[in-house]
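The values are calculated or read from the model by the stated rules, or taken from the named source; none is laboratory data. Just so it is clear, the structure is predicted and the values come from calculations on it, not from any experiment. When we count neighbours, we look across all protein chains shown, and the Cβ atoms used for this are built from the backbone with ideal geometry, even at glycine. The protein model used for the area step is the full one, side chains on, heavy atoms only, and it has no ligands, DNA or RNA in it. Shrake-Rupley method; radii C 1.70, N 1.55, O 1.52, S 1.80 Å.
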Amino acid sequence: MGIDRIFKDEASEEKGERARMASFVGAMAIADLVKTTLGPKGMDKILQSTGRGQEVTVTNDGATILKSLHIDNPAAKVLIDISKVQDDEVGDGTTSVVVLAGELLREAEKLVAVKIHPMTIISGFRMAAECARNALLQKVVDNKEDAEKFRSDLMNIARTTLSSKILSQDKEHFAKLAVDAVMRLKGSTNLESIQIIKKPGGSLKDSFLDEGFILDKKIGIGQPKRIENANILVANTAMDTDKVKIYGARVRVDSMSKVAEIEGAEKEKMREKVQKIIGHGINCFVNRQLIYNFPEELFADAGILAIEHADFDGIERLALVTGGEIASTFDNPESVKLGHCNLIEEIMIGEDKLIHFSGVAMGQACTIVLRGASHHVLDEADRSLHDALCVLSQTINDSRVVLGGGWPEMVMAKDVDELARKTPGKKSLAIEAFSRALSAIPTIIADNAGLDSAELVSQLRAEHQKEGCTSGIDVISGSVGDMAERGISEAFKVKQAVLLSATEAAEMILRVDEIITCAPRRREDRM
């Protein structure tokens, strides 16, 4: 009796088998949830929030789906976490990593059922993962030296990444956009300088890449619409002090003329501030805060383009791109770093006017303008494009490439199988299970396309017994096809991250033998 009272009343614990069952079931449920979004024929999910406005998101990006779920099961949370990390780290493969971890646990469950200790399974999985990674490493292609080939590799990777997303119909167009944008970065993985602007209207085909920077603002009235050789001062300062703004400030005056004097003094103060700003020798002033009518007039008289309320993202990027710094005091002009660009003009996209900065100091910057039928389409296009950009920028650094379409999984499964035959003891069962989990990925890709997965995967396995085989599942023709001919490639870094994260997550969940849920905190009655 005494032992049961360790925990509070409402705390619960599950031990041994039941705890393991709960973790397995939770993890597999999450994997089954995103399973259908895998591959070029994967379907989308609609996520509806219960908050105000009941926002709707339509997506098939694994990380986005899982981020939006509120889940109690602790093992499921581990999987959601690895998919988030995969999204931050390499950008793509968010679904594959969850599905692979789910399949590993499904296999592990069968092994635990025949009384194999979880630690034995884990050490088997460890050996298998190492073997699988080496198998891939031997088959990698690296075209870093040959610029032409490397570019076509990048195009292939971009096409493959986009073909499972909403952009698959125009993947040629978007692959070119993404590759051009990433090539401009010249090897940095900082995607800050690629700006994506979403404008509803038109079709996805109308999206384009613009060299330079576009600020989503209108040019004020009476100001120059076009400036060449611009010197830009980017600032974050209050330009609205020509009224008394201190709340509860009381000024007692004995006549109206005194009020006018106070207002006059404030105007003078503002005028001085504007003179200081003009003294920097600029012809474009971008401010994050409001600019009131009076200072705006002064700027217009001086022939300076003043842009107000440029949101923070825009202003930080603008400073980064034009090579300026954000200033907030203007007393010593020599210490302020101005931004430069060749031309500032107003352009129209759809119905909206925007300000276009071209010939910016940082040649790496560019803006991708997405057009589309509705906000949902644009958001999804943005996510897909972001995935492609992430993968490409990682590939430029780590230029190793493997084929796609279930080919890497089959290569790994074949080597892991051979390892299982050579390994004595119970570990071999775990290694075999690992190879079955790997070949589940091509199975799911085929299933999602409505093909006969058992037939295709067994054909594929037979093909892979040949030396130097490049076969994978060709979803379009519904048969086993040559991936090298089709130009279906993936970044090695993505595959490696999927393999290692999924194995580690599966290990972590396998180690669990007890789940303790804390008692909820009670609110005291404050009477």
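Annotation note: Cβ proximity below 9 Å between a residue of the range 203-227 that is over 16 Å from Val286 (Cα atoms) and a residue that is of a type in the set (Gly, Ala, Ser) and open to solvent by 70 Å² or more (accessible area, probe 1.4 Å) (sequence gap 6+ or interchain) occurs for Ser203/Ala373; Leu204/Ala373. Please go through the range 263-297 and give me each residue that is part of a helix (DSSP H, G or I), closer than 21 Å to Ile315 by Cβ and out of contact with any Leu (no Cβ under 9 Å at 6 or more places or on another chain), ordered by number. Once the filter is applied, which keeps residues that are part of a helix (DSSP H, G or I), closer than 21 Å to Ile315 by Cβ and out of contact with any Leu (no Cβ under 9 Å at 6 or more places or on another chain), the range 263-297 yields Lys273, Lys276, Pro295, Glu296. Against the test of being open to solvent by 30 Å² or more (accessible area, probe 1.4 Å) and not in a helix (DSSP H, G or I), the options Arg252, Arg317 yield a single qualifying residue, Arg252. Of all the numbered requirements in (1) at pLDDT 80 or above; (2) among the acidic types (Asp, Glu); (3) within 17 Å of Thr322 (Cα to Cα); (4) not in a strand (DSSP E or B), Glu228 misses one, and that requirement is (4).
Taking the stated definitions as given, is Glu103 acidic (Asp, Glu), crowded, with 23+ Cβ neighbours inside 10 Å and in a helix (DSSP H, G or I)?
Judged against the criteria, Glu103 is a match.
Tally time: how many residues in the range 62-94 are within 25 Å of Gln394 (Cβ to Cβ), part of a helix (DSSP H, G or I), of a type in the set (A, V, I, L, M) and touching a residue at least 60 places away in the same chain (Cβ under 8 Å)? The total comes to 4. The one condition from (1) within 20 Å of Val97 (Cα to Cα); (2) in contact with a helix residue (DSSP H, G or I) (Cβ under 6 Å, 6 or more places away or on another chain); (3) of a type outside the set (D, E, K, R) that Met483 does not meet is (1).
Is it the case that Thr322 is in contact with a Phe, Trp or Tyr (Cβ under 9 Å, 6 or more places away or on another chain), over 20 Å from Gly220 (Cα atoms) and either among the polar types (S, T, N, Q) or surrounded by fewer than 20 Cβ atoms within 10 Å (Cβ to Cβ) (or both)? Considered against the rule, which asks whether it is in contact with a Phe, Trp or Tyr (Cβ under 9 Å, 6 or more places away or on another chain), over 20 Å from Gly220 (Cα atoms) and either among the polar types (S, T, N, Q) or surrounded by fewer than 20 Cβ atoms within 10 Å (Cβ to Cβ) (or both), Thr322 comes out as yes.
Based on what the data block shows, is Ser358 within 29 Å of the chain's Cα centre (by Cα), of a type in the set (S, T, N, Q), open to solvent by 20 Å² or more (accessible area, probe 1.4 Å) and under 30 Å from Ala306 (Cα atoms)? So Ser358 passes the test. Residues in the range 424-460 that are open to solvent by 20 Å² or more (accessible area, probe 1.4 Å) and in contact with a Lys or Arg (Cβ under 6 Å, 6 or more places away or on another chain): Asn448, Ala449.
Selection of first residues in the range 472-486 that are in contact (Cβ under 8 Å) with a residue 60 or more places away in the chain and assigned to a loop (DSSP other than H, G, I, E, B) and of second residues that are crowded, with 23+ Cβ neighbours inside 10 Å and not polar (S, T, N, Q), restricted to Cβ pairs under 9 Å at least 6 apart or on distinct chains, gives the following pairs, ordered by first then second residue: Val475/Gly39; Val475/Gly405; Val475/Ile445; Val475/Ala446. Among the criteria (1) assigned to a helix (DSSP H, G or I); (2) free of Cβ contacts under 8 Å to residues at least 60 places away in the same chain, the one Leu451 does not fulfil is (1). Name every residue in the range 299-312 that is surrounded by 20 or more Cβ atoms within 10 Å (Cβ to Cβ) and over 16 Å from Lys225 (Cα atoms), in order of residue number. The one that is surrounded by 20 or more Cβ atoms within 10 Å (Cβ to Cβ) and over 16 Å from Lys225 (Cα atoms): Ala310.
The residues of the range 347-366 that are in a strand (DSSP E or B) and farther than 21 Å from Ala235 by Cβ, listed by number, are Ile347, Met348, Ile349, Asp352, Lys353, Ser358, Gly359, Cys366. In the range 468-513, the residue that is farthest from Leu403 (Cα to Cα) out of those that are in contact with an Asp or Glu (Cβ under 8 Å, 6 or more places away or on another chain) and of a type in the set (Lys, Arg) is Lys493. Restricting to the range 368-419, and then to whatever is part of a helix (DSSP H, G or I) and small (Gly, Ala, Ser), can you tell me which residue is surrounded by the most Cβ atoms within 10 Å (Cβ to Cβ)? Result: Ala388. Any residue that is under 29 Å from Ala306 (Cβ atoms), modelled with pLDDT under 75 and open to solvent by 50 Å² or more (accessible area, probe 1.4 Å) - is there at least one of those in the range 216-223? There is at least one residue in the range 216-223 that is under 29 Å from Ala306 (Cβ atoms), modelled with pLDDT under 75 and open to solvent by 50 Å² or more (accessible area, probe 1.4 Å). Residues that are open to solvent by less than 30 Å² (accessible area, probe 1.4 Å), under 30 Å from Val512 (Cα atoms) and of a type in the set (S, T, N, Q) within the range 10-60 comprise Ser23, Thr37, listed in sequence order.
Taking the criterion of being open to solvent by less than 40 Å² (accessible area, probe 1.4 Å) and under 30 Å from Ala19 (Cα atoms), the residues of the range 461-509 that qualify are Ala497, Val498, Leu499, Ser501, Ala502, Thr503, Ala505, Ala506, Glu507, Ile509.
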